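Below is one structure, written out as structure tokens, with a few remarks after it.
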Amino acid sequence: MARKKKELPLLEKVTITDVAAEGKAVAKVNDLVIFVPYVVPGDVVDLQIKRKKNHYAEAVAVKFHEKSSMRAEPFCQHYGVCGGCKWQCLSYQDQIRYKQKQVYDNLTRIGKVELPEFMPILGSEKTMFYRNKLEFTFSNKRWLTEEEVKQDVKYDQMNAVGFHIPGAFDKVLAIEKCWLQDDISNQIRNAIRDFAYEHNYEFFDLRSQEGMLRNMMVRTSSTGELMVLLQCKITSDAELDKMKVLLLFVADKFPQITSLLYVINNKCNDTIGDLDVEVFKGNDHIFEEMEGLRFKVGPKSFYQTNSEQAYNLYKVARNFAGLTGNELVYDLYTGTGTIANFVSRQARKVIGIEYVPEAIEDAKVNSQINGIENTLFYAGDMKDILTQDFINEHGRPDVIITDPPRAGMHNDVIDVILFAEPKRIVYVSCNPATQARDLQLLDAKYKVMAVQPVDMFPHTHHVENVVLLELKNPAEKAED
């Protein structure tokens, strides 16, 4: 006989007190910490516990008794379902205030190093339509919301293009309007969807691995250029012809597209790093621009998704580096060399290192495009490339700029930085928790001199942070 599932309690008139990780908020009842999505500090709500552990629980708000003065009206019709932009219900001024607190808490509680007064967080001027890249998924399994299920809504069309539902890997929420990217993105997506409906194109089934339309990516840029990449499963010449009919429709309807691309993907996943991208119309790239510098962005390139805030972030990094024109700079995790090229005018020489070979090729091209001759780029695993032998060969850097992935820096990389003993380290991070851990490891030789949070992603809990470290005893720095 099946064991009866224990009924979880309903907690009445609970006050939300703080925000937590992953965009959730926090309440405390007796000694139990409760994590709740889509509420803000100051809300008084009834909470239905959904999951309970020894020291914490997860719950949803089922009734509001009082609404917080911090609360904002969500502007997106898909809010609360698609899983993104969870902080739409929190005023933007309070969002950036809590992000500043998130950085402070992580650096003090995890880093446990001496810190200066933090600079005020740099908020994003744009809080809507700020992204330059979005990806949408095609699926033959449309996600139905709780209301649609309750109302027994029947759709003639169960194909959908939109975003994956968290926790339901093969289901996609049909997106009508997303507020993250310029509205041209919505127009293109919906036009492709409607054409596919009208002409009976098959949407991909993730479980059976069947269907033509898999994924689409839209990139916009500060230069006004526009890239669209369509990803399809193609197993015959007839399917290839059908896909090209769709691309021709897109090209005719949206002449402003400067780079219309496609990739044939018959694998079990949507990654395209190992696949050939074909040009249907226009160029195989677009350009971003910053202080007169042009950066080539291809379909596989990484570029900060908020172009305007990326410029502010890089200005902070350059300012912290304190360059005079005489410095040797190492740019770790350089990506397509954006920071390396951005600071090169103020440095004697910049050496960039990155894991992805294609990104390094882009970095070299970006130097060539801009007539920059004082950069060198190397591809490979950071801990394998950045060694004591590498330092001995290329010289001890005066400044290291590092912008690692969310996991932070490998211990071997930190050891080599400590060996290299640059005068200054500029640490750019998208994860203040792992940044704090690394700062603790660097604390033996380095003192934190400045901290500047930058908000790159309005309506989410994510925050970038830039930290300046200086060598505690520069007189003892080893000579080159």
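Here are the numbers:
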item	result
Among the residues listed as 147, 66, 114, the single one being over 21 Å from the mean Cα position of the chain (by Cα), closer than 30 Å to residue 434 by Cα, among the acidic types (Asp, Glu) and surrounded by fewer than 21 Cβ atoms within 10 Å (Cβ to Cβ)	114
For residue 147: the one exception among (1) assigned to a helix (DSSP H, G or I); (2) touching a Leu at 6+ places or on another chain (Cβ under 6 Å)	(2)
Cross-chain or 6+ apart pairs with Cβ under 6 Å, the stretch 401-416 first and on the phi > 0 side of the Ramachandran plot, then of a type in the set (Val, Ile, Thr) and surrounded by 14 or more Cβ atoms within 10 Å (Cβ to Cβ)	408/434
Candidate set: the stretch 295-333, residues that are modelled with pLDDT under 95 and of a type in the set (Lys, Arg); chosen: the one least open to solvent (accessible area, probe 1.4 Å)	296
Hits in the stretch 451-476 - residues which are over 16 Å from the mean Cα position of the chain (by Cα) and open to solvent by 10 Å² or more (accessible area, probe 1.4 Å)	452, 468, 470, 471, 472, 473, 474, 475, 476
Matching residues in the stretch 205-218 - criterion: being of a type outside the set (A, V, I, L, M, F, W, C), in contact with an Asp or Glu (Cβ under 9 Å, 6 or more places away or on another chain) and more than 16 Å from residue 192 (Cα to Cα)	205, 207, 210
Close pairs (6 angstrom Cβ cut-off, 6 or more residues apart or separate chains): of a type in the set (A, V, I, L, M, F, W, C) and open to solvent by 10 Å² or more (accessible area, probe 1.4 Å) in the stretch 229-252, assigned to a loop (DSSP other than H, G, I, E, B) and modelled with pLDDT of 95 or more anywhere	240/234
Subset of the stretch 378-396 [under 21 Å from residue 336 (Cα atoms), in contact (Cβ under 8 Å) with a residue 40 or more places away in the chain and in contact with a helix residue (DSSP H, G or I) (Cβ under 6 Å, 6 or more places away or on another chain)]	382, 386
Residue in the stretch 418-425 that is over 20 Å from residue 323 (Cβ atoms) and more than 25 Å from the chain's Cα centre (by Cα) present	yes
Residues of the stretch 304-334 classified as part of a loop (DSSP other than H, G, I, E, B), within 19 Å of residue 351 (Cα to Cα) and not small (Gly, Ala, Ser), total	6
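The values are calculated or read from the model by the stated rules, or taken from the named source; none is laboratory data. Owing to the predicted nature of the structure, the values given are computational and were not obtained by experimental measurement. All Cβ positions, even for glycine, are placed from backbone atoms using ideal geometry, and neighbour counts span all protein chains on display. Please note that ligands, DNA and RNA were not included when accessible areas were found on the heavy atoms of the full protein model with its side chains. Shrake-Rupley method; radii C 1.70, N 1.55, O 1.52, S 1.80 Å.
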